[in-house]
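A quick write-up on the structure given underneath.
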Amino acid sequence: MFSNDSKLLALAGLAATLIVAPAMAQNTSSSISGRVTGSDGKAIAGAKVEATHAESGSTNAVTTDDQGRYVLRGLRVGVPYTVVVSKDGKTEKRDDVYLLLAQTSTVDLRLATAQASLAAVTVSGKTAAAFDNTAMGSGSRFNRQELDAFPSIKRSLQDYARLDARF
């Protein structure tokens with residue numbers, strides 16, 4: 001009933017179907033992509049972008065490329081995400097980002113990049129009289145006026161030695 005050519009053709013069609021079937025597997029995740037720019041509209045490279053899954057608390061993080069672009073792949077669908085971008089102590093947050101099955105949601109973020117001007121800082125000071133190149137290590141120094149003013153009953157060296165912090 002079937003010729004050898006039609007049998008061969010049917011066998012080739014079956015083989016092609018079996019080879020292609022795994023490639024058409026069902027996709028059960030989603031992704032978030034976007035671009036991070038500054039308030040001046042320029043791309044921000046090296047910013048950390050984190051997406052936190054509201055139900056489980058799990059986070060996925062990536063760093064933006066030199067054009068400020070990022071892609072977070074393999075994310076769960078259904079429950080909202082919180083997307084946070086941060087760089088140099090500045091952060092921007094986007095709440096309630098819902099994902100659709102097998103689709104990429106675009107979330108562009110703008111990070112404040114206002115340049116703060118810093119006035120010149122001048123530091124001035126002078127050396128204290130207690131520090132000089134002859135006083136090294138722990139010890140005590142007394143001048144003649146301090147010794148004459150010290151009350152000592154016997155004028156003994158031991159009375160003066162009690163002034164030294166090392167004894």
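The values are calculated or read from the model by the stated rules, or taken from the named source; none is laboratory data. Remember, it's a predicted structure, so these values are computed and weren't measured experimentally. Note that we place each Cβ from the backbone using ideal geometry, even for glycine, and neighbour counts take in every protein chain shown. For the accessible areas, the whole protein counts, side chains as well, though only heavy atoms, and no ligand, DNA or RNA atoms are used. Shrake-Rupley method; radii C 1.70, N 1.55, O 1.52, S 1.80 Å.
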Give the range 88-131 a look and list any residue that's open to solvent by 90 Å² or more (accessible area, probe 1.4 Å), at pLDDT 85 or above and either not in a strand (DSSP E or B) or not acidic (Asp, Glu) (or both), or say none.
Asp88, Thr91, Lys93, Arg94, Tyr98, Leu100, Leu101, Gln103, Thr106, Arg110
Contact list, first residue from the range 87-101 and over 20 Å from Gly57 (Cα atoms), second anywhere and assigned to a loop (DSSP other than H, G, I, E, B), beta-carbon distance below 7 Å, six or more apart or interchain, is Lys87/Ile44; Lys87/Gly46; Lys87/Ala47; Lys90/Ala112
What residue, of Val79, Val49, Val62, Val85, is outside any strand (DSSP E or B) and either among the polar types (S, T, N, Q) or open to solvent by less than 60 Å² (accessible area, probe 1.4 Å) (or both)?
Val79
With criteria (1) of a type outside the set (Lys, Arg); (2) touching a helix residue (DSSP H, G or I) at 6+ places or on another chain (Cβ under 9 Å); (3) open to solvent by 100 Å² or more (accessible area, probe 1.4 Å); (4) modelled with pLDDT under 70, Leu163 comes up short on (3)
